[in-house]
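The next block holds one structure in the form of structure tokens; read it before the comments.
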Amino acid sequence: MRVGIFGGTFDPVHLGHLLVAEQAREQAELDEVWFLPAAVPPQKQHQAITPFDRRVEMLQLAVAGQPRFRIDRIESERSGPSYTVDTLRSLRQRHPQETFCLIVGADCIPDFPTWYQPAEILQLVELIVVERPGVEIGTREQLLTRVGLPAETPFTWRIVRVPVSGIASREIRRLVQAGRSIRYQVPAAVAVYIHEKGLYAKQPD
């Protein structure tokens, strides 16, 4: 199978995430998309995030009804930061028969060479790059050169065009804390879950 790997904090998952996953699945001809919630995102090690199991439960509610979406808890099995390359190595070992494709936003490409072991990532997966307004992606040869690989290195990427949603998890958390509506920004079941569990609500002084 061709499997799209969609990693992120998903705090909370929203309709923009689902739109990206579905368009990537269709345009890049994926058999499945696996959502991989990060246990300890490297860029958020010193930030408070919602417990892993809560974020997984929201994902389960969000993807219900789409049989080609699944959730993989692999990043909860390791201690320390959830580096992409470590996750991809583990997935390749567990599922050697699958072809893995990493779904990333175009806004990640300029910083991609600063990721942990980016050259190995490009040798492990195909990239599916989701366009972002105003972001220059460049060429595959430029990316290979920037991570220190020869331009002729076997590597494939696909560009995916997704309608702009403008929805962001950070803004959803802010709206909940302010007591405002998040309807039509997250799946209805996720909105109910957030309310019932008291997630993101302003804490009493």
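Going residue by residue through region 99-116, is there one that turns out to be farther than 26 Å from L19 by Cβ and in contact with a Phe, Trp or Tyr (Cβ under 6 Å, 6 or more places away or on another chain)? Yes, some residue in region 99-116 is farther than 26 Å from L19 by Cβ and in contact with a Phe, Trp or Tyr (Cβ under 6 Å, 6 or more places away or on another chain). Filtering region 98-120 to residues that are surrounded by fewer than 15 Cβ atoms within 10 Å (Cβ to Cβ) and part of a loop (DSSP other than H, G, I, E, B) leaves P110, D111, Y116. Quick check on my filter: what residues within region 177-198 are in contact with a helix residue (DSSP H, G or I) (Cβ under 7 Å, 6 or more places away or on another chain), of a type outside the set (S, T, Y) and crowded, with 19+ Cβ neighbours inside 10 Å? Listed by number, the residues that qualify are I182, Q185, V186, P187, V190, I194. Considering only residues in region 85-97 that are of a type outside the set (D, E, K, R) and more than 21 Å from A24 (Cα to Cα), the one that is least open to solvent (accessible area, probe 1.4 Å) turns out to be S90.
Is there a residue in region 178-187 that is modelled with pLDDT under 95 and outside any loop (DSSP other than H, G, I, E, B)? For region 178-187, residues modelled with pLDDT under 95 and outside any loop (DSSP other than H, G, I, E, B): absent. Screening R174, R132 for residues that are surrounded by fewer than 16 Cβ atoms within 10 Å (Cβ to Cβ) and touching a strand residue (DSSP E or B) at 6+ places or on another chain (Cβ under 8 Å) leaves exactly one candidate, R132. A search for C-beta distances below 6 Å between a residue of region 104-116 that is closer than 14 Å to E126 by Cα and any residue that is open to solvent by 10 Å² or more (accessible area, probe 1.4 Å) and of a type in the set (A, V, I, L, M), counting only pairs 6+ apart in sequence or on different chains, returns I109/I137.
G138 meets all of the listed conditions (1) at pLDDT below 95; (2) in a loop (DSSP other than H, G, I, E, B); (3) open to solvent by 70 Å² or more (accessible area, probe 1.4 Å) but one, namely (3). Out of all the residues in region 142-155, is one or more in a strand (DSSP E or B) and surrounded by 15 or more Cβ atoms within 10 Å (Cβ to Cβ)? No, because not a single residue in region 142-155 is in a strand (DSSP E or B) and surrounded by 15 or more Cβ atoms within 10 Å (Cβ to Cβ).
Of the residues making up region 39-52, at least one is farther than 25 Å from K202 by Cα and of a type outside the set (G, A, S). Scanning region 166-177 for residues that are in contact with a Gly (Cβ under 9 Å, 6 or more places away or on another chain) and either under 19 Å from P37 (Cβ atoms) or at pLDDT 95 or above (or both) yields I167, A168, S169. Only one of the listed residues (A178, A188, A168, A151) is of a type in the set (G, A, S) and more than 25 Å from E57 (Cβ to Cβ). That residue is A151. Taking region 18-39 as the range and being without any contact (Cβ under 8 Å) to a residue 60 or more places away in the chain and either small (G, A, S) or open to solvent by less than 30 Å² (accessible area, probe 1.4 Å) (or both) as the test, the residues that pass are W34, F35, L36, P37, A38, A39. For region 52-84, the set of residues classified as touching a residue at least 40 places away in the same chain (Cβ under 8 Å), open to solvent by less than 20 Å² (accessible area, probe 1.4 Å) and either farther than 23 Å from Y116 by Cβ or assigned to a loop (DSSP other than H, G, I, E, B) (or both) consists of M58, L59, A62, V63, S82, listed by residue number.
The values are calculated or read from the model by the stated rules, or taken from the named source; none is laboratory data. Please read these numbers as outputs of a predicted model, since none were measured by experiment. Neighbour counts run over all protein chains shown; Cβ positions are idealised from the backbone, glycine included. To get the accessible areas, we keep the full protein, side chains included, count just its heavy atoms, and leave off ligands, DNA and RNA. Shrake-Rupley method; radii C 1.70, N 1.55, O 1.52, S 1.80 Å.
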